[in-house]
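What follows is a short report on a single structure.
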Amino acid sequence: MERQDSRRASADLSCERTLSVAKATLPTLLFGLNLAIALPPDAIVAPADAARPVIHTLSQPIVEAGELEAVLHRPTVSVGMGRVALGEVDTRLHGLVVRLQAFRVVDGSPALITVGMVTPEVRPGGERHATVRDLWRLTAGAIAERGIPYERLVGLGDDGFQSLPGPSTAQVAWRTGEGLATVSLTSLDGDTHALLGRARAIAARVHDLLLLDESRAPLTSEEMVVAALAASGRTTVQIARALAVSERAAAWYVSSLTTRLGLSTRAQLTRWACQQRPRAAEVA
């Protein structure tokens, strides 16, 4: 079995099979999707008549190759990226979408890096959709069923783990808000300890970049309302009444906005909101 996994790793590292996500064969694409969504290889249950899923283009990369070069200190290039509705390859995952990007280290021993980001798909309401929590539970079950070595990680997102789904592959995955992010590193160079260390270093950098991107994104209309209420000095109870939600939900809105803005206290949020008062007043 180990020899077979090694041959698979070697094949997946070959230039011909990793140059483009869009050109990948269905088996290779499913293998990559497994890693991108934190599932062990072969854990996706594709229908017998499954066709190749539609791979949508990404308007911008998840991470630039230069960021990975800075971590690995080796030249790295992006070899493909795209977005896939996971319900097209596994009905259990209907309602989730993954953005994935593949990179190749181009000097010395070959190495392949896959970065994935799973989020809920924006769809009309009324039907049952899978959630990131559903996927997280599915992953935990698949890892336990296959006896894959893994270890929980503290300080990476809301919850995270590292695992060795193959003798030449290390994976790090973490939940953050409503999303799930992954980093997988396949390399025939070095022992598993070094492989996990490099995967963790890449994951830490991707985690920081995702947080930075989130903090730079414009506030939603709901967040602007919370900011306007904070600027006016409303208490959590008053914010709950204004939003017609429970006090617990209002506290969560305030806490989430504070964290997203890179602040640490309610007072800092109030000061920030007051500085934005012209914009907040328009929403209020």
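Observations
- Condition met for THR91 (more than 25 Å from ALA201 (Cα to Cα) and either modelled with pLDDT under 90 or touching a strand residue (DSSP E or B) at 6+ places or on another chain (Cβ under 6 Å) (or both)): yes
- Single match in PRO47, PRO41 (criterion: loosely packed, with under 13 Cβ neighbours inside 10 Å and under 17 Å from LEU86 (Cβ atoms)): PRO47
- Scanning the range 207-255 for residues that are of a type in the set (S, T, N, Q) and modelled with pLDDT of 80 or more, we see that the one that is nearest to the chain's Cα centre (by Cα) is SER246.
- Residue tally, condition surrounded by 14 or more Cβ atoms within 10 Å (Cβ to Cβ) and either modelled with pLDDT of 75 or more or of a type in the set (S, T, N, Q) (or both), over the range 256-270: 6
- Residue within the range 32-51 that is in a strand (DSSP E or B), among the hydrophobic types (A, V, I, L, M, F, W, C) and over 14 Å from VAL97 (Cα atoms) present: no
- Qualifying position, being buried (at least 18 other Cβ atoms within 10 Å of the Cβ), out of contact with any strand residue (DSSP E or B) (no Cβ under 6 Å at 6 or more places or on another chain) and closer than 22 Å to GLU64 by Cβ, among THR176, THR186, THR182: THR176
- Contact map, the range 148-172: first residue at pLDDT below 90, second residue of a type in the set (Phe, Trp, Tyr) and outside any loop (DSSP other than H, G, I, E, B), Cβ cut-off under 6 Å, separation 6 or more or different chains; pairs are LEU156/TRP174; GLY157/TRP174.
- Qualifying residue in the range 121-131 (condition: within 16 Å of the chain's Cα centre (by Cα) and at pLDDT 90 or above): no
- Residue selected from the range 98-120 under the condition at pLDDT below 90 and farther than 12 Å from PRO75 by Cα, by the criterion surrounded by the fewest Cβ atoms within 10 Å (Cβ to Cβ): PRO120
The values are calculated or read from the model by the stated rules, or taken from the named source; none is laboratory data. Owing to the predicted nature of the structure, the values given are computational and were not obtained by experimental measurement. Counting neighbours? That spans all protein chains shown, and the Cβs are built from the backbone with ideal geometry, glycine included.
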